[in-house]
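**Student:** Following this message is one structure expressed as structure tokens.
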Amino acid sequence: MATDVECKFRENRAHGVLIVEDEFLIALDLEMTVRDMGLDVVGLASDKEQALKLAPMADIAFVDVNLADGATGPEIGQRLVDEFGVAVVFMTGNPEAVAGRVQGALGVVSKPASTSIVQRSLRHAVAARRSGGLVTAG
């Protein structure tokens with residue numbers, strides 16, 4: 001769980017984006033898009049263990065369904081929402097695997113996704129964070 005100090009820190013900096021994706025080239029492409037929009041990338045994770053280690057630093061996360069440790073994306077997404085107050089956008093070639101399954105997730109983007117769709121999803125996530133549409137863990 002994020003502490004009050006961690007939550008305050010997150011409020012006073014650019015939004016940090018966690019990329020949970022095991023396909024390296026897709027992760028790098030997402031990272032470039034996030035940075036081009038002026039947001040920070042807090043890390044790249046290819047499995048549940050890495051994602052949960054980076055979670056306290058994240059405000060927004062793009063999460064794939066099928067990762068290096070199996071179909072752990074839905075569990076990761078739910079934990080990011082519930083335990084860390086992260087705005088989660090699933091990005092997967094299997095949207096039916098998560099559609100309506102994770103309470104609190106902002107949405108699902110089908111892969112392959114164009115840069116404009118990723119940018120639109122990021123703008124939506126940032127707006128949700130700023131409007132208080134998400135409860136911050138703490």
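The values are calculated or read from the model by the stated rules, or taken from the named source; none is laboratory data. Note that this is a predicted model, so its numbers are computed, not measured. Positions of Cβ are backbone-derived with ideal geometry, glycine not excepted, and every protein chain shown enters the neighbour counts.
**Student:** Going through region 14-28 one residue at a time, which ones are free of Cβ contacts under 8 Å to residues at least 40 places away in the same chain and either crowded, with 16+ Cβ neighbours inside 10 Å or in contact with a Cys (Cβ under 6 Å, 6 or more places away or on another chain) (or both)?
**Tutor:** A27
**Student:** So how many residues does region 66-76 have that are at pLDDT below 95 and of a type in the set (A, V, I, L, M, F, W, C)?
**Tutor:** 1
**Student:** I've got another one for you. Looking at region 89-97, can you tell me whether even one residue there is touching a helix residue (DSSP H, G or I) at 6+ places or on another chain (Cβ under 8 Å), among the charged types (D, E, K, R) and either at pLDDT below 95 or over 16 Å from S121 (Cα atoms) (or both)?
**Tutor:** The initial filter retains those residues of region 89-97 that are touching a helix residue (DSSP H, G or I) at 6+ places or on another chain (Cβ under 8 Å), namely 89-92, 97.
If we keep only those that are among the charged types (D, E, K, R) as well, we get none.
Scanning region 89-97, I find no residue that is touching a helix residue (DSSP H, G or I) at 6+ places or on another chain (Cβ under 8 Å), among the charged types (D, E, K, R) and either at pLDDT below 95 or over 16 Å from S121 (Cα atoms) (or both), so the answer is no.
**Student:** Looking for whichever is at pLDDT 95 or above, crowded, with 16+ Cβ neighbours inside 10 Å and among the hydroxyl-bearing types (S, T, Y) here; the options are S121, S46. Which one fits?
**Tutor:** Matching residue, one of S121, S46: S46.
**Student:** Same structure, new question: Residue check, R79 against (1) in contact with a strand residue (DSSP E or B) (Cβ under 9 Å, 6 or more places away or on another chain); (2) buried (at least 16 other Cβ atoms within 10 Å of the Cβ); (3) modelled with pLDDT of 95 or more, all met but one. Which one?
**Tutor:** Here R79 clears every test but (1).
**Student:** Name the single residue, out of those in region 9-25 being part of a loop (DSSP other than H, G, I, E, B) and more than 14 Å from the chain's Cα centre (by Cα), that is modelled with the highest pLDDT.
**Tutor:** E23
**Student:** What are the residue pairs meeting all of these: first residue in region 81-105, first residue among the acidic types (D, E), second residue exposed (fewer than 15 other Cβ atoms within 10 Å of the Cβ) and at pLDDT below 90, Cβ atoms under 6 Å, and 6 or more apart or on different chains?
**Tutor:** Close Cβ pairs satisfying both conditions: E83/M1.
**Student:** To continue, here is another question. Applying the selection to region 55-76, what residues are touching a strand residue (DSSP E or B) at 6+ places or on another chain (Cβ under 6 Å) and surrounded by fewer than 21 Cβ atoms within 10 Å (Cβ to Cβ)?
**Tutor:** M57
**Student:** Then there's this: Of everything in region 52-76 that's free of Cβ contacts under 8 Å to residues at least 40 places away in the same chain and among the charged types (D, E, K, R), which residue is farthest from G100 (Cα to Cα)?
**Tutor:** K53
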